[in-house]
Number of protein chains: 2
Amino acid sequence: MKLNMNKEELRKFLLHAPQSSIIKYVENIHPVDVLDVLHENVDDRKDILNRLPEKFIADILDEAEIDEKYEILMEFSENKQKNIIEEMSSDELTDLLGILDENKANKILAKMTDEDARVVRQLLSYAPDTAAGIMATEFISLKTDMTVCETLKYLQKYGQENENIDDLYVVDKFDKLKGIVSLKELVTKDFDTKISDIVHTKIEGILFNTDQEEVGHRFEKYGFLTMPVVDNSNRLLGIVTVDDVMQILRDETTEDIHRLAGIDEGEKVDGTLKESIRSRLPWLIINLVTAILASSVVGIFEGTIEKVVSLATFMPIVAGMGGNAGTQTLTIIVRGLALGELNFKNMKKVFFKEVGVGVLCGATIGVIIGVLGYIWEGNFIFGIVIGVAMILNMVVATISGYLVPIVLKKFKVDPALASSVFVTTFTDVLGFFFFLGLATLFLRYLV
Amino acid sequence: MKLNMNKEELRKFLLHAPQSSIIKYVENIHPVDVLDVLHENVDDRKDILNRLPEKFIADILDEAEIDEKYEILMEFSENKQKNIIEEMSSDELTDLLGILDENKANKILAKMTDEDARVVRQLLSYAPDTAAGIMATEFISLKTDMTVCETLKYLQKYGQENENIDDLYVVDKFDKLKGIVSLKELVTKDFDTKISDIVHTKIEGILFNTDQEEVGHRFEKYGFLTMPVVDNSNRLLGIVTVDDVMQILRDETTEDIHRLAGIDEGEKVDGTLKESIRSRLPWLIINLVTAILASSVVGIFEGTIEKVVSLATFMPIVAGMGGNAGTQTLTIIVRGLALGELNFKNMKKVFFKEVGVGVLCGATIGVIIGVLGYIWEGNFIFGIVIGVAMILNMVVATISGYLVPIVLKKFKVDPALASSVFVTTFTDVLGFFFFLGLATLFLRYLV
């Protein structure tokens with residue numbers, strides 16, 4: 001649902017239309033669309049921003065990536081910065097302050113009201129990738145003896161400044177979370193219904209230190225629009241909203257996908273050459289080291305290869321197929337961990353299944369390649385050697401594909417990170433070792 | 001926010017509590033939690049289901065995976081099935097009918113009211129992975145001359161049966177989409193405000209045949225709770241809601257991750273051994289064919305390897321590093337395409353960046369491995385051969401990592417599917433060819 005203008009039309013409108021019509025029109029424009037225009041026309045940024053109302057600028061800042069927030073804010077005079085900051089939501093302000101150095105952060109804190117500054121300081125004390133780190137502190141709390149009509153009048157008075165009203169909360173005098181009323185439920189009940197009649201009381205908040213990815217999966221599972229965040233004493237600290245969560249899930253998944261392939265989590269497809277090199281070269285160098293390790297295994301067996309040169313031809317197949325099988329297992333385990341589908345209950349079952357996959361796929365591929373090896377070399381033992389090496393390597397592949405991410409997770413390292421380098425090292429080193437080692441053992445039958 | 005019972009307590013409650021207290025309590029239980037209990041206790045399924053109210057069973061069915069929907073529904077008598085179907089939402093019923101054979105589908109259609117059956121038949125005519133395929137037809141439409149108070153009274157009367165009221169829609173007498181009022185906005189305005197004063201009219205619906213992944217990304221970008229789906233004449237057909245979209249995005253991403261690794265999109269981490277073998281073995285066999293293709297390139301050069309056996313030692317490094325670089329590019333391109341960050345505008349720029357990455361990373365890795373080769377063999381030309389082969393292969397790697405997914409997309413094949421097999425075939429075949437070919441050319445300097 002964007003405005004019926006393309007980006008270029010929007011740019012011209014924002015630059016040249018009378019400011020009065022911009023101000024009137026602006027509520028029909030989504031801040032994300034203006035942000036797109038600002039991205040693509042950096043030279044016009046200052047001019048465009050200075051024609052927009054302060055509330056709308058705050059909305060744009062809420063949608064901007066964090067490093068961009070600061071750049072945009074700095075386009076304004078000190079006074080105007082202060083007004084814009086007042087309109088911004090606490091969670092977005094916290095993100096902004098979180099990346100600034102202390103000096104800059106203090107300057108911005110000084111521009112806030114005492115109350116806002118206190119809230120933001122509090123929010124800054126939570127780890128940024130937890131429920132509390134992503135929550136907003138703006139929410140509406142109700143008393144149970146209010147009626148639906150009274151609640152609506154309350155929302156008419158105080159709801160407009162608050163974007164997070166998809167659910168309303170009931171707390172006791174110690175701020176403990178007692179219940180939740182969805183806005184949907186509120187508006188479908190007669191005006192004189194009491195809140196106490198429609199409040200859901202059997203609810204559980206998210207503990208403040210829950211990992212943000214876990215928070216995301218709960219939203220996915222239950223389809224909520226907001227969720228309450230509580231401390232250890234069940235005091236309501238703030239709420240998390242579905243729109244923030246969607247972006248977090250997208251970023252976490254991109255991070256996993258990138259890490260599995262050896263790319264920095266932050267690399268953008270349309271980033272600069274320098275950023276790409278910085279993101280990928282270190283990983284390639286790590287891979288080079290492990291590749292050299294694997295090839296030094298080959299080096300040990302050069303004497304054997306010299307006698308049976310076809311070993312060199314078949315060598316990459318054994319290692320490569322192990323790598324493929326390992327990557328399959330690794331991927332399903334990493335994604336299973338990320339989605340919470342792999343847990344203590346089914347861990348053992350999954351392990352035996354993966355070993356089974358290694359044995360059965362290994363046997364199938366081993367028989368095929370064994371027969372081909374036999375035909376190619378005209379030597380039965382050659383076929384046996386490559387077939388057995390293939391089976392052994394595929395079993396190693398699935399076992400390492402299973403164990404590596406789980407061990408990394410135990411040590412609190414992201415299972416997606418560095419997993420594939422470990423797994424391919426195992427399958428390369430052992431693949432070459434099994435194949436060339438067996439060939440050396442049976443050398444007299446091969447020459 | 002789940003019920004304060006663990007799964008075992010919930011199971012016992014559902015099986016043994018008086019039915020009256022279940023019916024009273026059930027609105028505090030999330031259907032997803034009951035679904036979890038049903039998953040893990042298949043033997044109790046029928047008993048538990050038969051104690052639940054029909055509306056709640058419909059809610060459970062709305063949350064269940066499609067093949068499960070049918071199984072659960074079949075636990076009931078024909079009569080009860082009819083009642084449950086009446087409570088289900090049109091989009092979920094459509095999903096269910098979409099997987100059944102015609103006979104079964106007709107049986108279920110016969111149990112619906114004529115009007116519902118007509119709607120579902122219409123929905124079945126849309127492609128399931130498009131906006132229209134995932135939309136619900138239940139939404140509230142308003143007239144612009146209503147006041148906020150009248151609208152609230154209307155919602156009190158008709159809103160309870162309708163879960164999709166986060167946004168309300170204004171259509172003209174030809175059903176054309178004219179505007180949208182968010183529920184948030186409605187409840188924060190005075191009772192006598194006219195809808196015409198708060199309606200957003202500059203909106204654009206999603207065209208019915210838009211791909212569901214694209215729909216998902218618009219939700220992510222704009223943070224909407226619902227979006228309207230329209231036909232070519234801008235008639236409002238239905239709406240898509242954020243909770244459905246989150247599940248779609250999760251599944252689409254899992255599909256991409258799985259396909260990049262050569263796993264069936266539907267494989268579950270805790271599935272059966274048979275399912276895993278069926279998902280992975282075909283892919284391994286395809287990889288085997290390409291591995292044999294690559295090794296037949298090695299076979300051509302057996303004569304050269306016989307003379308300089310160290311070539312066998314370094315051979316896997318050239319091919320492997322090309323594979324790594326290719327996977328990096330491939331992954332960033334596939335994800336960029338999926339997120340819509342790679343488009344016609346920046347396609348050329350990204351291509352040249354990737355070539356640059358290939359040249360620069362290739363040069364760095366090429367120099368390192370060239371020096372190591374020189375030291376290992378004590379032969380300067382050997383170092384040059386492996387270094388140059390590495391540079392060439394890394395450039396091939398980034399170019400094929402860029403081109404393969406884009407070409408697949410042009411041919412309307414999922415860029416994640418089969419991309420990696422193509423890219424590694426290129427880097428293996430050409431990696432061996434460059435290295436061993438150059439070695440053969442300069443053979444007299446190597447022996």
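Nothing in this text is a laboratory measurement; each read-out follows from the coordinates by a stated rule. Note that the coordinates shown come from a computational prediction; the quantities given were computed from them, not determined experimentally. Cβ sites come from the backbone with ideal geometry, for glycine too, and all protein chains shown count toward neighbours.
Where only DSSP H runs of four or more residues are counted, the protein assembly as shown gives -21000 deg cm²/dmol as its mean residue ellipticity at 222 nm, each run worth -39500 (n - 2.57).
Relative contact order of the stretch A:15-92: 33 percent, from C-alpha pairs under 8 Å at least 6 residues apart in sequence.
Among the GluC sites (Glu not before Pro) in the stretch A:1-101, those located in a DSSP loop and surrounded by at most 16 other Cβ atoms within 10 Å of their own Cβ are A:GLU65, A:GLU75. Using R0 = 22 Å, the C-beta based FRET efficiency linking A:PHE344 and A:ASP211 works out to 0.85.
If you take the square roots of the eigenvalues of the alpha-carbon gyration tensor of the stretch B:228-301 and sort them as a ≥ b ≥ c, do you get rounded (a/c under 1.5), prolate (a/b over b/c) or oblate?
Working: a/c = 4.48, a/b = 2.20, b/c = 2.03.
Prolate is the answer for the stretch B:228-301, as a/c is 1.5 or above and a/b outweighs b/c.
Ordering B:424-435, A:310-321, B:108-119 by mean Cβ neighbour count within 10 Å, with the highest value first, yields A:310-321, B:424-435, B:108-119.
Summary for A:SER21: label point 7 Å along Cα→Cβ; distances to the equivalent points in the other copies, ascending, 6.8 nm. Rounded, prolate or oblate for the stretch B:87-138? Axes are the square roots of the Cα gyration tensor eigenvalues, ordered a ≥ b ≥ c, and the cut-off for rounded is a/c under 1.5. The shape class here is oblate. Can you give the local net charge around A:PHE314? Use residues other than it whose beta-carbon is closer than 14 angstrom to its beta-carbon, Lys and Arg +1, Asp and Glu -1. Summing Lys and Arg as +1 and Asp and Glu as -1 gives -3. With N counted as the residues of the stretch B:141-260, its alpha-carbon radius of gyration over 2.2 N^0.38 Å works out to 1.18.
Residue separation times 0.36 nm, minus the C-alpha to C-alpha distance between B:ASN162 and B:ILE375: what's the value?
69.2 nm
The mean number of Cβ atoms from other chains found within 10 Å of a Cβ in peptide B:327-337 is 6, as a whole number. Pairs exceeding 30 Å between alpha-carbon atoms, taken from B:LYS349/B:LYS409; A:LYS268/B:LYS412; B:LYS178/B:LYS345; A:LYS69/A:LYS173: B:LYS178/B:LYS345; A:LYS69/A:LYS173.
If you model chain A as an ellipsoid using its alpha carbon gyration tensor, with each semi-axis the square root of five times an eigenvalue, the axes come out at 57, 28, 18 Å, biggest first. Sorted from closest to farthest, the other copies place their A:ILE285 label points 4.4 nm away, with each point set 7 Å from Cα along Cα→Cβ.
Relative contact order of chain B, taken over Cα pairs closer than 8 Å and 6 or more residues apart, is 11 percent.
Quick check: from the Cα gyration tensor, does the stretch A:7-124 come out rounded (a/c under 1.5), prolate or oblate? It comes out prolate by the Cα gyration axes.
The simple spin-label model puts a point 7 Å past each Cα toward its Cβ; for A:SER141 and A:PHE351 those points are separated by 4.7 nm. Residue and whole-Å distance for the chain B Cβ lying nearest the axis of the B-onto-A rotation are B:ALA312, 2. Neighbouring Cβ atoms from other chains, within 10 Å of the Cβ of residues in B:97-103, number 0 on average. Counting from the shortest, the label point at B:ALA363, 7 Å from Cα toward Cβ, is 5.3 nm from the same position in each remaining copy. Label-to-label distance, B:ASP270 versus B:GLU150, with points set 7 angstrom from Cα along the beta-carbon direction: 5.3 nm. Between A:PHE191 and A:GLU27, how high is the FRET efficiency from 1/(1 + (r/R0)^6) when r is the Cβ-Cβ distance and R₀ = 30 Å? Nearest 0.05. Once the sixth-power term is evaluated, E becomes 0.60.
Projecting label points 7 angstrom from Cα along Cα→Cβ for B:LYS412 and A:ASN103 puts them 5.9 nm apart.
So what's the protein assembly as shown giving for Rg/Rh, alpha carbon basis, Kirkwood Rh from the mean inverse pair distance?
1.01
Anything in chain B that counts as a DSSP H helix reaching 27 Å or more along its axis (C-alpha) with Kyte-Doolittle mean of at least 1.0? List them, would you? Span-like helices in chain B: B:273-300, B:347-377, B:380-410, B:419-441. With θ taken as phi - 60° and the Karplus curve 6.51 cos²θ - 1.76 cosθ + 1.60 applied, the whole-hertz 3J(HN,Hα) list for the stretch B:21-27 is 6, 4, 4, 6, 7, 5, 6 Hz, x standing for glycine and proline.
What separates the Cα centres of the stretch A:310-339 and the stretch A:218-247 is a distance of 39 Å.
Please give me the summed charge of the neighbours of B:THR137: other residues whose Cβ is under 11 Å from its Cβ, Lys and Arg +1, Asp and Glu -1. Summing Lys and Arg as +1 and Asp and Glu as -1 gives -3.
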